[in-house]
Every structure is written in structure tokens, then in C-alpha cells.
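Report on the structure given below.
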Amino acid sequence: MKILLVYPKYPDTFWSFKYALKFVSKKASFPPLGLLTVAAMLPEEWEKKLIDMNVSVLTADDLEWADYVFISAMVVQKKSVQEVIKRCKKLGIKMVAGGPLFTTEYDEFEDIDHLVLYEAESTLSSFLDDLKKGCAKHIYTSKEWPDLKKTPPPQWELINMKKYVSMCIQYSRGCPFNCEFCDIVVLNGHKPRTKSKDQILEELEVLYSQGWRSSVFFVDDNFIGNRKKLKTELLPFLIDWMKQKKYPFSFLAEASINISDDEELMQLMVKARFKKVFVGIETPNEESLTECNKYLNKNRDMIACVKKIQSNGLEVQGGFIVGFDNDPPSIFERQISFIQKSGIVTAMVGLLNAPRGTRLYHRLKKEERLLNDLSGDNTDFSINFIPKMNIETLMNGYKKILNTIYSPKHYYKRVITFLRGYKPKSVKKKINFKFCNFKAFFKSIWFLGIKGKERFHYWKLISWTLVRRPRFFGLAITFSIYGFHYRKIVGI
């Protein structure tokens with residue numbers, strides 16, 4: 001059997017980093033971890049090829065080679081998915097599909113021969129058994145949340161690692177919280193399930209043996225969902241492994257704001273060489289936090305929490321939302337103020353949308369406020385329901401946030417605010433040029449320091465960093481390049 005695994009193309013979004021990738025000569029930020037893991041679950045004797053359409057072209061020869069095309073995608077990749085389906089149908093190639101898009105919108109994909117929904121550990125084996133017997137069904141689904149100790153290491157040899165900025169790894173699935181707008185509990189359940197420490201170390205060993213020596217993203221929706229297990233089992237062993245291997249990787253993860261309540265956890269993560277955490281801040285408006293059941297963020301000084309995390313050596317990337325029913329007209333200025341004061345350089349501000357299956361989706365459906373399906377890109381000025389706020393006011397306010405926080409003046413000021421309070425324990429006091437990509441640096445000089453509208457702010461940051469925080473010179477260049485990407489996406 002010849003299996004072609006296809007990962008559809010992302011549109012240009014906040015997280016695509018399309019314009020930043022050109023500075024470092026990479027094609028994509030992250031590889032398709034789900035497909036690589038599914039590949040490892042398929043029979044060993046099958047021939048397998050993987051085409052990530054974000055790094056290479058899907059050719060007619062690729063498709064004609066395959067007996068089956070396996071597709072996995074998120075909602076934001078829907079347009080590319082439809083193009084792949086059309087090409088497969090034209091050539092008469094059978095398709096198998098799974099992943100978040102197909103799990104939540106399976107009724108829209110009648111042209112797919114076999115839909116293997118939810119988690120592959122629960123549904124893939126049944127499909128493979130039926131396929132072997134010649135009686136494979138159209139849909140395979142399960143409400144079982146499988147034990148992740150069954151999950152094999154990804155089949156990394158199917159990709160060219162050099163085309164990516166970071167590799168991926170998954171420790172847990174599920175989240176203990178239940179925010180109204182979030183589909184994590186729909187897709188992965190409420191109770192965090194984890195792999196064993198031995199599984200994680202095995203996966204890191206594979207990456208190490210493949211020659212990878214850069215960042216690794218823990219893709220868990222909430223890395224600290226099971227803090228006790230993380231602190232007593234995984235992190236101590238991860239710290240020892242990294243030390244033995246002379247620190248070949250740096251890590252990034254997603255976490256809830258309560259990470260700031262646990263000094264021991266933050267210190268362990270920093271010792272293990274975690275550099276960044278993405279935190280769902282959502283909104284500084286308490287009534288809106290109550291509305292969406294984001295109780296964890298309530299009744300706390302979130303700016304102080306962010307500062308505490310960053311002072312412990314973890315860069316905070318933040319997610320923000322506007323469009324809640326309880327958002328007042330002042331919300332746009334309040335979001336801008338929060339982002340600037342907190343020093344969150346990478347601040348993803350999106351419009352509220354209602355993914356299928358979420359409590360928000362069901363509430364809005366009951367209230368007859370749902371419109372079309374969401375695009376999956378919450379920064380594309382689309383909203384899939386009728387908001388309480390006047391739509392023109394909402395869109396103009398949202399546009400104002402983006403145009404302000406990513407304007408060179410505000411963006412570079414925020415970088416300096418962050419660098420002032422950032423205190424990683426493992427960084428040397430002098431500039432360490434081996435961490436600085438010279439090619440990206442010289443490109444930044446040309447595109448940002450000479451040709452760019454932001455050149456005054458760029459050189460101001462460079463000079464300030466060299467005088468005040470020389471050890472963060474490489475980081476300052478990285479932020480400058482990120483800002484270039486964000487402004488391209490926003491259109492300023």
C-alpha cells in the first residue's frame with residue numbers, strides 16, 4: 001500500500017510568520033506533528049510519503065503515486081483542503097481524513113471516502129482493520145479519550161527538518177478549564193492525559209539523533225494542566241537530560257495564567273530551558289471574563305502576573321479577544337493599555353468567534369445569532385455571529401488596536417519594556433554571537449534599518465540594547481523581524 005500524507009497550506013496569518021521566515025531562509029514554523037504521528041501508527045510495511053504544502057508543492061506525480069491520500073487539517077486550512085479534495089477526486093484517488101477540521105465539520109466533507117475522527121489512538125485501528133477486510137466505513141468516531149501511553153514517536157524521517165524553524169512534541173491532551181469559546185474540551189476532553197516521562201525523553205532522543213539543535217514546541221493546549229505530575233515527574237528528568245546533552249534545545253509551550261502562582265514550576269521550566277509561554281489573557285474586562293467562564297483570570301492583577309512570569313525568565317506571548325457581549329466601548333483602549341504596560345511583544349488580538357461544538361456556539365445558536373461558519377483565522381476581520389456591540393464600532397475598534405500596537409512607535413517601545421523586565425537565569429551577560437543568525441541580522445539592517453519606515457525605531461532599539469542589555473542583542477533582532485511580519489499581516 002502506498003500512502004501519501006498531505007498537510008494543506010495555511011493562509012497568511014498572524015502565526016504563519018510568512019514574512020519573518022524569509023529572514024532565516026525557512027519555509028514554515030512547525031511541521032505537521034499529527035500526520036507524522038499517524039504515519040507511525042500505519043503498518044510498517046506500507047510505503048509512506050509526506051507533503052507539507054507549506055514547504056513544498058503537491059504535484060500530480062505525488063498524487064498519482066498514492067493508493068490513498070491521508071489529509072489532516074485545522075479549520076484555518078479549509079480552503080486549501082477543498083483544493084486538495086478537488087484534485088484527488090479528479091484523479092480518482094481515495095481519501096482518508098482526520099484532525100480538528102474534519103472532526104468538527106465532518107458533515108461538510110461527503111467527498112472524503114473515509115473520515116477518521118477525534119483521536120487516532122481510538123479510531124484509526126478500527127479503520128485499518130476494516131480496510132484490510134475490504135469493508136471500510138465512511139465515518140469512524142469515538143468518545144473515548146485514549147491513554148497517550150499508546151502513542152508512538154512521530155516518524156520524523158518523512159520530513160526535511162531544515163525547512164522548519166521549530167520541531168514539535170506533545171506531552172498532554174485536554175484542559176482542566178472550560179472557557180465558553182474554546183473547543184479544546186470538545187476535541188481532547190476535560191481531564192489532562194499525559195505521556196510518560198520515558199516517552200518524552202525517547203522522542204527527544206530521536207530529535208537529537210536526527211541532528212536537531214534548535215527550538216522544540218510543546219503543542220499541549222495547556223502544558224501545566226497537571227502541575228503536580230509535571231513538577232514531580234517530567235521536568236526533573238527533562239532538566240537532567242538537557243544537562244547531559246549540553247542543552248541542545250530550547251522549549252516553548254502554552255500555559256494558563258496560574259503559572260504565575262507557582263514559583264517552583266516556573267523555576268523548573270527555566271532550568272529545563274523553556275524560553276516562551278503563550279498565555280490566554282483574553283480581556284482585562286472582568287464582566288467579559290465572567291461571561292466566557294475564564295474564571296482563572298478573574299480577580300487578579302494580570303499585568304503583575306505577566307511581569308512575574310517574565311521576571312522569572314519566560315517570555316509571555318499573549319492571546320487577546322474583543323467582541324464579548326459584555327465588552328464596553330472603552331475595551332479597545334483598555335486592551336491597548338494592557339498590552340503596552342505588560343510588555344507582551346507578541347500580542348495576538350482576535351475577534352471572538354464561535355467554533356462548532358463549543359458552549360458559545362450552542363448558546364448563540366439558541367439565541368439565533370449564529371451566521372456563517374468561522375474562517376479559523378480570528379485576525380481576518382470576520383466574525384461568525386451577531387455581536388451585541390454595533391458591528392461597525394467593533395470592527396473599527398479592533399482595527400484601531402492592531403494599527404496601534406503594531407505601529408513601529410508602540411511595538412518597539414513594547415520590546416524595550418519587555419527587555420527591561422526579562423530576567424532569564426541561563427543567559428550570559430555578554431553578547432553571544434553563536435545565538436545570532438548573521439544572515440537574518442544583515443537582512444534586518446537592509447529591510448528594517450535602511451529601507452523600512454521603522455528605521456528610526458529599529459536603530460533606537462539596537463543602540464539601547466547594545467548599551468543597556470547587550471546579552472539580548474539577538475532577541476532584539478528577532479523581535480524586530482517579528483514586528484515586520486505583524487505589520488505586513490495587519491497592513492500598516
Candidate set from the stretch 76-92 (those that are of a type outside the set (D, E, K, R) and surrounded by fewer than 18 Cβ atoms within 10 Å (Cβ to Cβ)); member that is nearest to Asn378 (Cα to Cα): Gln82
Identify all residues within the stretch 284-299 that are in contact with a strand residue (DSSP E or B) (Cβ under 8 Å, 6 or more places away or on another chain) and either of a type in the set (Lys, Arg) or not in a loop (DSSP other than H, G, I, E, B) (or both); write none if there are none. Ser288, Leu289, Lys294, Asn297
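Select from the stretch 38-53 the residues that are without any contact (Cβ under 8 Å) to a residue 60 or more places away in the chain and β-branched (Val, Ile, Thr) and list them in ascending order.
The one that is without any contact (Cβ under 8 Å) to a residue 60 or more places away in the chain and β-branched (Val, Ile, Thr): Ile51.
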Inspect the stretch 13-26 for any residue being touching a Phe, Trp or Tyr at 6+ places or on another chain (Cβ under 8 Å), touching a residue at least 12 places away in the same chain (Cβ under 8 Å), assigned to a loop (DSSP other than H, G, I, E, B) and surrounded by fewer than 22 Cβ atoms within 10 Å (Cβ to Cβ) and give the result as yes or no. yes
Expected single match for in the same structural domain as Lys197 (by TED's automatic domain parsing), surrounded by fewer than 20 Cβ atoms within 10 Å (Cβ to Cβ) and free of Cβ contacts under 8 Å to residues at least 24 places away in the same chain among Lys245, Lys271, Lys276, Lys228 is Lys228
Go through the stretch 370-423 and count every residue that is more than 15 Å from Thr346 (Cα to Cα) and among the β-branched types (Val, Ile, Thr). 4
Give me a count of the residues in the stretch 191-209 that are in a loop (DSSP other than H, G, I, E, B) and either closer than 24 Å to Gln317 by Cα or modelled with pLDDT of 95 or more (or both). 3
With respect to Val57, determine if the residue is assigned to a loop (DSSP other than H, G, I, E, B), modelled with pLDDT of 95 or more and either of a type outside the set (Gly, Ala, Ser) or on the phi < 0 side of the Ramachandran plot (or both). yes
Confirm whether Ile281 is surrounded by 22 or more Cβ atoms within 10 Å (Cβ to Cβ), touching a strand residue (DSSP E or B) at 6+ places or on another chain (Cβ under 7 Å) and without any contact (Cβ under 8 Å) to a residue 60 or more places away in the chain. no
Given the criterion in a helix (DSSP H, G or I) and in contact with a helix residue (DSSP H, G or I) (Cβ under 6 Å, 6 or more places away or on another chain), identify the matching residue among Leu101, Leu115, Leu128. Leu101
Take Thr379 and decide whether it is surrounded by fewer than 21 Cβ atoms within 10 Å (Cβ to Cβ), touching a residue at least 60 places away in the same chain (Cβ under 8 Å) and either aromatic (Phe, Trp, Tyr) or in contact with a strand residue (DSSP E or B) (Cβ under 7 Å, 6 or more places away or on another chain) (or both). yes
Per the filter on the stretch 293-308, residues hydrophobic (A, V, I, L, M, F, W, C) and surrounded by 22 or more Cβ atoms within 10 Å (Cβ to Cβ) are Val306
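The values are calculated or read from the model by the stated rules, or taken from the named source; none is laboratory data. Remember, it's a predicted structure, so these values are computed and weren't measured experimentally. Quick reminder, even Gly has a Cβ in these numbers, built from the backbone with ideal geometry, and neighbours come from all protein chains shown.
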